Amino acid sequence: MNVNLKINDRPVTVEAGSTILEAAEKLDIKIPTLCHFKMDCFHMEHRSASCRICVVEVKGRPNLAPACSTPVMEGMEVKTNTLRAINARRTILDLLLSDHPKDCLTCPKNLNCQLQELAQEMGLHHLLFKGEQSTYNKDLSSNAIARDLDKCIMCRRCETACNSVQTVGVLSGVGRGFKAVVAPAGLRPLAETECVFCGQCVQACPVGALSEIDYKYPVWRALNDPGKTVVVQTAPAVRVAIGESFGLEPGSISTGKMVAALRMLGFDKVFDTDFAADLTIMEETTELIERVKNNRDLPILTSCCPGWVKFLEHQFPELIYMPSTAKSPQQMFGAITKSYYAQKIGVAPENIVVVSVMPCLAKKYEASREEFSRNGVRDVDIVISTRELADMIREAGIQFDQLDEETYDSPLGESTGAAVIFGATGGVLEAALRTAADWIAGEDLQEIDFKAVRGLEGIKEATVKVGGLELKAAVCSGLGNARKLLEKIKRGEANYHAIEIMACPGGCLNGGGQPYHHGDTTILEKRMEALYRADAGLPIRKSHQNPSIQKLYEEFLGEPGSHCAHTLLHTTYIDRKHPKK
Amino acid sequence: MSDQCCCCSDCGAMPPELKRKFDELDRYIAELHPDDNPDRSRGFLIQILHRAQGLFGYLPEDVQKFVAARLKLSPAEVYGVISFYSYFTDKPVGRYKINVCTGTACFVKGASKVLDEFKRRLNIKEGETTEDGKFFLGALRCVGACSLAPVVMVNDKVYGNMTAEKVADILKECAE
């Protein structure tokens, strides 16, 4: 059913149940918002109407109406910019700012802050209210997510991300009135909670209350240490997002410029996590085929995503036999660099610094997990996010958009199309299917696009015939969707051979460390499209055909699944629900 | 309570008295059938917390986790509700919970004088427990007995028409 109304005297027809905000969008009338957060493709909407910045005047209604949560009605007459609405908005913003620090210059969200943007748009040049300021200690307990509650405006978008979308359930409004904060149970520091560090709360936070733990300085220090060989790896999803930080169109593939910039920053070798993604496929697919043939421990779950792995360890410890034991590409890269590559260049592992550039904040946590070191040397030393790399490039005065394209160093920089799609939900499974199909059929198959597993939907299914086998697979992104699927598996209602799970809705392209999208999902679609474009443009599109990978097995690892491969490239999981005393 | 605890790994070591309380809370929750309509299970939260605090005296973390698991809510959400209502406490409190109503009617009729007298005699501040663990002193908003204002509650017992002079009598009564 449709509803007719007028906004600023212009008629518009929208579906019943729409909000004034949605009707205004249809007319390209912008109503300012702050606490409202909507991501249609993930069925997420945070509509708490708590900030009241979007108030408008509705004819016949005595009080102002919040546009984000007021449903339209037949014959409604809305005015968005009456003096009363403008005054109310300014007062609201003034009050919000009265309890918000004004240290924008040093804030991690400076120039990416929606409150700052609002103050600028509304032309607020002096503040009337000088009120009490909240003071809390910063939570820097984890090595992934920083919480600075002085900056929190209580929009509670992070709660929706954490509780409704991810069902991790770590954050909640605590206390009341002026003393209310968003915090974990018992006001514990984040490191002591079930937080998986996916960073979706950081993406949702409109201000600087949530941000990443910054590791730029340790990278600068390593780069300026003459005694260290500093090696960098870049994750698949970084190359299709980093350009946004320098004004390039979303969906630009900036691989070559990024490599050039990394070399200018002073990295001794610029390598690619994609190489390790190909390696992951070798190990994981071997495990998949072995488990399917012996019909044991099915379904096999992917283990590339540290947020998802931690979620499983906390929430479904009874299923920890299910994920592939293969380490994530980031960790495989570290392990191979500090063994195979260290030997090759004749440098002691302790004198090599592995820096990762990740779209992710959980990768910071993953690199610090106890299992991921050998003889006291960490596999991966420092992890920075896409945003932090962009900051470093800016700090070094490099004109990113002007750079000539360069290529990765050899041998850990060679990769295939199967690896680059790891950055999108469905990519890991598609890459595994490409290799599994070839291996089972024993030939070089030409049909390699598994389109059923592509796209931003939360849960996707596909049945693939390979050789005499019918493989049932599922792809899942967003931990809320993962929970649904895992509960089905526990009840015995789902029958799959393989499932790919990524913590962030849409996969790594929407990671917590990516440039802020502020809820604009078209950016995510363009990043995804760019990843598949990059895949299609590569000469080799199957992991097992990567010549550097083949050489790695010949010279060093032996066969996939060999003893040496298991020592270096596989891991174990921990029951975090019933910790050993 | 089922054999396998949903919240901790040390049920085996739980003292029988504590286990009895958990069992009783479990029975109470079961009677509400929260699983029949999971979308509405948070509607039971406050009454369950009320009962739990009655049983345990306060709401320790294990109890919060237990309630959260039974209602399929996150522990953070349960903690959020506990922290919102001044009635709930996650810290152990004295055997005698003295609560002075400071709602509008009681306030007007001199509740603050009564509260001050309790503070003076017990030598503690609002929200604290005496060192011997005997008395807790708190301030409540309206308990719905405005005609008796000002009102003091000691555990479940209501004392109306309070004056500062009566404070000593109440404390003496508790000592007996």
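The values are calculated or read from the model by the stated rules, or taken from the named source; none is laboratory data. Note that the structure is predicted; figures quoted are calculated from it, not measured. In this analysis, Cβ positions are derived from the backbone assuming ideal geometry, glycine residues included, and neighbour counts consider all displayed protein chains. Note: accessible area is taken over every heavy atom of the protein model, side chains too, but ligands, DNA and RNA are not part of it. Shrake-Rupley method; radii C 1.70, N 1.55, O 1.52, S 1.80 Å.
Some observations on this one:
- Residue check: residue B:51 meets all listed conditions (1) at pLDDT below 95; (2) away from every other protein chain (no Cβ under 14 Å); (3) open to solvent by 40 Å² or more (accessible area, probe 1.4 Å); (4) closer than 25 Å to residue A:173 by Cα but one, namely (1).
- If you go through the range A:267-287 and keep only what is open to solvent by 10 Å² or more (accessible area, probe 1.4 Å), assigned to a helix (DSSP H, G or I) and out of contact with any Ser or Thr (no Cβ under 7 Å at 6 or more places or on another chain), you end up with just A:286.
- Of all residues in the range A:385-428 being out of contact with any Ser or Thr (no Cβ under 7 Å at 6 or more places or on another chain) and of a type in the set (Val, Ile, Thr), the one that is surrounded by the fewest Cβ atoms within 10 Å (Cβ to Cβ): A:407
- Screening the range A:142-166 for residues that are aliphatic (A, V, I, L, M) and part of a helix (DSSP H, G or I) and picking the one that is farthest from the chain's Cα centre (by Cα) gives A:149.
- Selection of the range B:72-111 for residues being at the interface with another protein chain (Cβ under 8 Å from one of its Cβ atoms) and either of a type outside the set (Gly, Ala, Ser) or more than 17 Å from residue B:60 (Cα to Cα) (or both) yields B:73, B:75, B:77, B:78, B:79, B:84, B:90.
- Checking each residue of the range A:205-215 against the condition of being farther than 26 Å from residue B:86 by Cβ and within 14 Å of another protein chain (Cβ to nearest Cβ) gives no match.
- Hey, residue A:180 in contact with a Phe, Trp or Tyr (Cβ under 6 Å, 6 or more places away or on another chain) and within 13 Å of chain B (Cβ to nearest Cβ) or not: no
- Among all positions in the range A:59-68, there is no residue which is outside any helix (DSSP H, G or I), touching a Leu at 6+ places or on another chain (Cβ under 9 Å), open to solvent by less than 90 Å² (accessible area, probe 1.4 Å) and touching a residue at least 60 places away in the same chain (Cβ under 8 Å).
- Any helices (runs of 4 or more DSSP H) falling wholly within the range A:304-380 and containing at least 1 residues that are in the same structural domain as residue A:234 (by TED's automatic domain parsing) and under 22 Å from residue A:423 (Cβ atoms): A:306-315, A:329-336, A:362-367
- Here residue A:196 meets each of (1) in a loop (DSSP other than H, G, I, E, B); (2) within 14 Å of chain B (Cβ to nearest Cβ); (3) within 25 Å of residue A:485 (Cα to Cα); (4) open to solvent by 10 Å² or more (accessible area, probe 1.4 Å) with one exception, condition (4).
- Matching residues in the range A:563-581 - criterion: being more than 11 Å from chain B (Cβ to nearest Cβ) and open to solvent by 80 Å² or more (accessible area, probe 1.4 Å): A:563, A:566, A:572
- Within the range A:1-40, the set of residues being open to solvent by 20 Å² or more (accessible area, probe 1.4 Å) and within 19 Å of residue A:201 (Cβ to Cβ) comprises A:33, A:36, A:38.
- Filtered residues of the range A:540-562 (kept if open to solvent by 40 Å² or more (accessible area, probe 1.4 Å) and within 28 Å of the chain's Cα centre (by Cα)): A:540, A:541
- Only a single item in (1) free of Cβ contacts under 8 Å to residues at least 12 places away in the same chain; (2) in contact with a Lys or Arg (Cβ under 8 Å, 6 or more places away or on another chain); (3) of a type outside the set (Gly, Ala, Ser) is not met by residue A:294, and it is number (2).
- Those residues of the range A:534-543 which are in contact with a Gly (Cβ under 8 Å, 6 or more places away or on another chain) and outside any loop (DSSP other than H, G, I, E, B), in sequence order: A:534, A:535, A:536
- One residue stands out in the range A:288-303 among those that are modelled with pLDDT under 95 and assigned to a loop (DSSP other than H, G, I, E, B): the one that is surrounded by the most Cβ atoms within 10 Å (Cβ to Cβ), namely A:298.
- Flag for residue A:280 being modelled with pLDDT of 95 or more and closer than 30 Å to residue A:170 by Cα: no
- Exactly one residue out of B:107, B:66 is part of a helix (DSSP H, G or I) and open to solvent by 70 Å² or more (accessible area, probe 1.4 Å): that is B:107.
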